[in-house]
Amino acid sequence: MAEQSFAGRAAIAGIGQTEFSKRSGRSELRLACEATMSALADAGLEPGDVDGFATFTMDNNPEIELARAIGAGPLRFFSRVHYGGGAACATVMQAALAVAAGVADVVVCYRAMNERSEQRFGIGAIPLAPVATTETAHFGWYAPFGLLTPASWVAMQAQRYLHDSGATTEAFGHVSVACRRHAATNPNAWFYERPITLADHQASRWIVRPLRLLDCCQESDGAVAVIVTSTERARDLRQPPVLVRAAAQGASRDQQMMTSYYRDDIGSLPEMAFVARQLYEQCGVKPHEFQTAVIYDHFTPFVLAQLEAFGFCRPGEAPEFVRDGRIELGGALPINTHGGQLGEAYIHGMNGIAEGVRQVRGTAVNPIRGVEHVLVTAGTGVPTSALVLGRG
Amino acid sequence: MDPHHALALPHPRPGITPDNRFFWDGLRQRELRIQRCAACHRLQHPPAPMCSGCHGFEMESIVASGRGTIHSFVIAEHPAIPPFSYPNLIVLVDLEEGTRLVSRLVDVAPEVVAIGMAVVVDYERIDDELTLHCFRSLETAGG
């Protein structure tokens, strides 16, 4: 709300994506190009208008390669955010900051990956003879004992969450059922026309107890790009502007990369609560003023912790909150109306930003009526980020 | 250990830096060490180059009693990644000194592991360079 803030001064003017698959058959750079060209066309802009890029440190496509391929440049802003999927909303924050500061005019935020067909995150990368760095020292507290996969890192916190809240794994299942229900009516979703029941969730095989297969997001090939420009400029473009009403990053005390196990309470996500406080301060929106939300769903347990972090319910009450269709279409807070990463695709959170934009525009396949504000969150268990998107 | 076996199934290793070397050296001597600030005696794990409490850079270590309780745990089943055997019980242990660490729980059935279970440290020699800590149920270890 502060006048000096960048909040509200930048807007998403275009979104673009490839198909979401298990084997794209194309290079990751080509996916980045296709999504970017699609987003530029959506906005009514040309590659020559682009003067900035923001992406993840994990993305394999350097900004300059993408710029070279689409014929953009010269570039005056390029920025990358670390910590896996925690970077998703932060790319838009970086772009909004650059635009609000007058450093760049048109920034492409992108994520392109053949995560299923080429570089799978879930198979457990083993550092057999690591070079001694701060990060290999960190993984040394986990990998030698077999804690090697994202599912296993999250499961440790999920187990404690169940213990502290008294909930059962059915609470995780409600999240999975909601996302798959929404994906079932989204033709772009991998799980289009394939809803599941709670019984399906409970019957799915263990991955890392207490997580089952249906608690884990998909692995996907695909790309998403969004175009950020000034709110002023966005008003003159093809689409109604979707304002970045608030954007924030957060890392909390004693933060680790997926293994913040040393705090008194390991079931909650204080870094996301910190992001929530910043968002609410920036735009003045309160939890009940979101008509829908895209809650990062790499693993279902952290959806519960995020609902608590944002104040949609009190700590420990998310297992009750997600029951009875409350987070489904027609419920009090429909989440992940595109199907989320459990149902649509795992594009490291960028497809969730695109869905937030569609809900504000009124073009989502599962539209929510009268959307004023959408919350979009990024990867959890890691230093993270989130956005409030709203009508221009 | 059969050297061919070791070659066939390499074990994941830590990156060893000047800040954590004392810990891995300790395991080879069957000692579970905890980093302590030489100035304010604050314990911290994982270790760091300095004390985040008093900001001193002189760090030392103590030897833990090896007793603790399970704060949380997971039972890894899929994917099965060599050289680990599955299901793999991985635990987060509250040491009685107050720090917490990730380890493996051995000789305990998956149906039996529970938060709050009393455990005691043991050691698994992987090869000449690497020994790991693991934990056993205090009850069955007769501790």
**Prompt:** When only C-alpha pairs under 8 Å and at least 6 residues apart count, what is the relative contact order of chain A, in percent?
**Reply:** 26 percent
**Message:** How big is the range A:1-120 along each principal axis, measuring the range of its Cα positions in Å and listing the largest first?
**Reply:** 47, 30, 22
**Message:** Quick check on the exposure proxy: order B:Val113, A:Val357 from fewest to most C-beta atoms within 10 angstrom.
**Reply:** B:Val113, A:Val357
**Message:** Return the Rg/Rh ratio of the range A:151-256 with Cα-based radii and a Kirkwood Rh.
**Reply:** 1.09
**Message:** Running a GNM on chain A with Cα contacts under 10 Å, which residue among A:Val50, A:Val365, A:Val92 ends up with the highest mean-square fluctuation?
**Reply:** A:Val365
**Asked** Can you give the charge dipole size of the range A:40-106 about its Cα centre, rounded to the nearest 20 debye, using +1 on the beta carbon of Lys and Arg and -1 on the beta carbon of Asp and Glu?
**Response** 220 debye
**Message:** Given the -39500 (n - 2.57) contribution per DSSP H run of 4+ residues, what per-residue ellipticity at 222 nm results for the protein assembly as shown, rounded to the nearest 500 deg cm²/dmol?
**Reply:** -7500 deg cm²/dmol
**Complete:** Expressed in angstrom and rounded, the centroid-to-centroid distance over alpha carbons for the range A:157-207 and the range A:110-151 is 25 Å
**Message:** So for each of A:76-82, B:99-105 I average, over its residues, the number of other beta carbons within 10 Å; can you give me the resulting order with the highest mean first?
**Reply:** B:99-105, A:76-82
**Asked** By the gyration tensor of its Cα atoms, with a ≥ b ≥ c the square roots of the eigenvalues, what is the shape of chain B: rounded for a/c under 1.5, prolate for a/b over b/c, or oblate?
**Response** oblate
**Request:** Quick one: among A:Arg205, A:Arg323, A:Arg361, which has the greatest mean-square fluctuation in a GNM of chain A with alpha-carbon springs under 10 angstrom?
**Result:** A:Arg205
**Message:** To the nearest 20 Debye, how big is the dipole of the range A:237-279 about its Cα centre, given +1 on the beta carbon of each Lys and Arg and -1 on that of each Asp and Glu?
**Reply:** 340 debye
**Residue order, fewest to most beta carbons within 10 Å, for A:Ile368, A:Ile15** = A:Ile368, A:Ile15
**Selected from A:Ser21, A:Ser204, A:Ser176 as most flexible by GNM, with chain A as the system and alpha-carbon contacts under 10 Å** = A:Ser204
**Message:** As I understand it, the value is the acute angle between the Cα axis of helix A:150-165 and the longest principal axis of the Cα atoms of chain A; what does it come to in degrees, rounded to 10?
**Reply:** 60 degrees
**Request:** Could you point to the residue in A:Val108, A:Cys217, A:Ala318 farthest towards the positive end of the protein assembly as shown's charge dipole, with +1 and -1 charges on the Cβ of Lys/Arg and Asp/Glu respectively?
**Result:** A:Val108
**Complete:** One computes Rg over Rh for chain A from alpha-carbon atoms, with the Kirkwood Rh, and obtains 0.94
**Asked** Can you list the HN-Hα couplings for the range A:330-343, worked out from phi with the Karplus curve (6.51, -1.76, 1.60; θ = phi - 60°), rounded to whole Hz and with x for Gly and Pro?
**Response** x, x, 5, 9, x, 10, 6, 5, 8, x, x, 7, 6, x
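Taking the Cα centre as origin and putting +1 on Lys and Arg beta-carbons and -1 on Asp and Glu beta-carbons, what dipole magnitude results for the range B:66-143, to the nearest 20 debye?
In total the dipole reaches around 160 debye.
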**Message:** For a test of the definition: using alpha carbon positions, the gyration tensor, and the 1.5 limit on a/c, classify the range B:66-143 as rounded, prolate or oblate.
**Reply:** oblate
**Asked** Out of residues 5 or more away from A:Ala10 or on other chains, whose amide H comes under 5 Å of its own, with H placed 1.01 Å from N in the peptide plane?
**Response** A:Thr231, A:Val244
**Request:** For the range B:13-92, divide the Cα radius of gyration by the Kirkwood radius and give the resulting Rg/Rh value with two decimals.
**Result:** 1.06
**Fill in**
When A:Glu46, B:Glu129 are arranged by how many other beta-carbons sit within 10 Å of their Cβ, fewest first, they go B:Glu129, A:Glu46
**Item:** Net charge over other residues, Cβ less than 14 angstrom from the Cβ of A:Glu193 (K, R count +1; D, E count -1)
**Value:** +2
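Would you mind counting up the charge near A:Gly331? Only other residues with Cβ under 14 Å from its Cβ, with Lys and Arg at +1 and Asp and Glu at -1. Mind showing how you got there, number by number?
Working: positive: A:Arg181, A:Arg323, A:Arg326, A:Arg369; negative: A:Glu320, A:Asp324, A:Glu328.
Once positives and negatives cancel, what remains is +1.
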**Mean Cα-pair separation over length for the range B:15-63, i.e. relative contact order, pairs under 8 Å, 6 or more apart, %** = 35 percent
**Request:** Just add up the charged neighbours of A:His182: K/R +1, D/E -1, any other residue whose Cβ is under 9 Å from the Cβ of A:His182.
**Result:** 0
**Message:** Can you tell me what share of the DSSP beta bridges in the protein assembly as shown is antiparallel? A percent to the nearest 5 is fine.
**Reply:** 85 percent
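Every number in this text was worked out from the coordinates using simple rules, so none of it is lab data. Fair warning: this is a prediction, and the values are worked out from it, not measured in the lab. Note that each Cβ is placed from the backbone with ideal geometry, even for glycine, and that neighbours are counted across all protein chains shown.
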